[in-house]
Structures are given as structure tokens and as C-alpha cells.
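The values are calculated or read from the model by the stated rules, or taken from the named source; none is laboratory data. Note that this is a predicted model, so its numbers are computed, not measured. Counting neighbours? That spans all protein chains shown, and the Cβs are built from the backbone with ideal geometry, glycine included.
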Amino acid sequence: MKTLILFLAVSFFSAAAISAEDEATLNQAIATLNGQAKTAADKKIVLGAVAQQTNVPEKTLESQMATTHLTYGELVVANSLAEGSGQAVTNILARKKGKGWAEVSREVKINPASVIDRLRTTQKVVQMSQTKLKQTQKMKKPNMPDSTIPLREPARPAGRMGGY
């Protein structure tokens, strides 16, 4: 009997530790994706990547952001859970009240690790798009010297001699 109680206690605490770890990892992945949206151009890139990963049109995502105040990372999570569970996003958000995303993920029978993977894939897509944008912008800029070299004034033509 003592062995059974000890086993159950160890199992419970192991599950709680895994649950907390999933929640922390999921929150970190959400924060990292959100951190990639610094400028207006970055926000457009992140929104496009979220749309690509969730198969949700950008206009729908913008509407969801406006009505729910979800961040880009949370949009990935909510829409991924909705898609994977066959439920509406509103149902997923109703489940979220007072709970973490990993807990909601487990409730709808989706492994939190798969949602974390989708967030990380979205981050990589954003990073590649941002790098490509920067390279494109560099190619459009005229070649400027590294240091500013003062330009000499052009030589003035010599004045007329002898009044011709």
C-alpha cells in the first residue's frame, strides 16, 4: 500500500513538473514571436507568418486581434488548438479563462509540444523573411563610401588673358 501511495505521489509531482515546464516553454515561445514584431514592417511579416502557419487569412487574424486582444503568439496557439480540436476559436478562448495555454492544449487532447513546434516554425519563417527584407533593402541603397571624403571644388577656368 505504501508503495502504491509513493508511486501515485511521484507520478503526480512528475506530471505537475512537466505541466509547468510545458507552460513555461509555451509562454517563452509566444513571447519570442511577439518580440519579433517591433516595426510596422515586422508586424506585417509576423502577421503573414501566423496566417501561413494557421491557415487563417490575415484579415481574420486582424479581426481576432482587435476583438480578443490576443498577441501574435497567442493567435498561433488559439487557432492551432481550434484547428486541431475541430472547435471554434471562441470555444478555445472560453476554455482559456484562468488557465494556461498548455493546460488548454491538454484539455483538447493536443500535445503542447506540437503547439510549441508550430510557434518555433513561425519564428523561423519570420526570421527568414526579415533577413530577406534587409538584404533587399541593402541592395536598393546606393553604394556609399564608408567615410565621408570632402569633395574638392572643381578648378575654375582661367580668366581671359589680354582681354580677347
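Structure data summary
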item: Boolean, Ala29 is closer than 18 Å to Ala113 by Cα, aliphatic (A, V, I, L, M) and within 10 Å of the chain's Cα centre (by Cα); result: yes
item: Per-region count, region 111-134, residues under 14 Å from Ser80 (Cβ atoms), of a type in the set (Val, Ile, Thr) and surrounded by fewer than 17 Cβ atoms within 10 Å (Cβ to Cβ); result: 1
item: Any chance Leu93 is surrounded by 12 or more Cβ atoms within 10 Å (Cβ to Cβ), under 17 Å from Glu107 (Cα atoms) and modelled with pLDDT of 95 or more; result: yes
item: Matching entry among Leu70, Leu33, Leu81, Leu75 (being crowded, with 16+ Cβ neighbours inside 10 Å and free of Cβ contacts under 8 Å to residues at least 24 places away in the same chain); result: Leu70
